[in-house]
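Novice: Below: one structure in structure tokens.
Read-outs throughout are calculated quantities, based only on the coordinates presented, and are distinct from any laboratory measurement. Fair warning: this is a prediction, and the values are worked out from it, not measured in the lab. So basically every Cβ, Gly included, is an ideal-geometry build from the backbone, and we count neighbours across all protein chains shown.
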Amino acid sequence: MPLPADHIDSGADDRPRFLESDAKDDVLTLTLVGSPARGIVVDTVIDEVSRWADTRDPSERLAVVVDLSRAAFDVSADDLRSGAFRFRHSLFAARVAHYVSGDLQFGQGRMFGILCDGSTVEVQPFRSLAGALDWVNAPSG
């Protein structure tokens, strides 16, 4: 789905302005800022994770933290189902931690995690950034 023009940074790439990306210490951190338009948050986050996966060794499990704690956005159940479908059919393995501040975001994160069950991508919400980082870096098991 194309992104609305007001969310595209006119810089060197087509990454949206409402999403900041930082990769260090083998962890991709995506921070949602502002109030993006309805229906593009889940797809945009998955697009960024997929782009990062393309630059990594395919045999390694990705560690991703999505910081949703300071943003206001609207996500529907259909958005979550569509995103889970994309993760279930991805060619990479990942742990994606959602760092959230509210009960609604936490519940949506749990729902998204449940919808992703059985895929190579594990999703889990956290109320602390430290907990999210610990989980994405923990050994599988």
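Novice: Under the rule of at least 5 residues apart or a separate chain, name every residue whose amide H is placed under 5 Å from the amide H of VAL65.
Specialist: Under 5 Å from the amide H of VAL65: LEU28, THR29, LEU30, ALA97.
Novice: Quick one: Karplus J couplings for the stretch 20-30, per residue in order, coefficients 6.51, -1.76, 1.60, θ = phi - 60°, nearest Hz, x for Gly and Pro?
Specialist: Once rounded to whole Hz, the list reads 9, 10, 8, 10, 8, 6, 6, 10, 8, 10, 10.
Novice: Can you list residues whose amide H is under 5 Å from ALA94's amide H, if they're 5+ apart or on another chain and H is modeled 1.01 Å from N?
Specialist: Residues meeting the amide H criterion: LEU62, VAL121, GLU122.
Novice: Let me ask you something else. Search the structure for amide H atoms under 5 Å from the amide H of ARG17, placed 1.01 Å from N in the peptide plane, and list their residues when 5 or more places away or on another chain.
Specialist: Hits under the 5 Å cutoff: ILE8, ASP9.
Novice: Rounded to whole Hz and in sequence order, give me ³J(HN,Hα) for the stretch 45-57 from the Karplus expression 6.51 cos²θ - 1.76 cosθ + 1.60, θ = phi - 60°, writing x for Gly and Pro.
Specialist: Working through the residues one at a time gives 5, 5, 4, 5, 4, 5, 4, 5, 4, 5, 9, 10, 5 Hz.
Novice: Further question: What distance in nm separates the simple spin-label points at ARG56 and ALA72, each placed 7 Å from Cα in the Cβ direction?
Specialist: Using points 7 Å along Cα→Cβ, the separation is 3.3 nm.
Novice: Hey, fewest Cβ within 10 Å first, where do HIS98, HIS89 land in order?
Specialist: HIS89, HIS98
Novice: Taking every DSSP beta bridge that has both residues in the chain, what percent is antiparallel when rounded to the nearest 5?
Specialist: Counting only bridges with both partners in the chain, antiparallel ones make up about 30 percent.
Novice: Among THR31, THR55, THR44, which one moves the most in a GNM of the chain with springs linking Cα atoms closer than 10 Å?
Specialist: Taking springs between Cα atoms under 10 Å, the residue moving most is THR55.
Novice: I've got another one for you. I want to verify the translational diffusion coefficient of the chain in µm²/s; compute it with Stokes-Einstein, Rh as the Kirkwood radius over Cα pairs, at 25 °C and 0.890 mPa s.
Specialist: Estimated via Stokes-Einstein, D reaches 162 µm²/s.
Novice: So how far apart, in nm, are the two label points at GLU20 and ASN137 if each is 7 Å from Cα heading toward Cβ?
Specialist: It is 2.0 nm.
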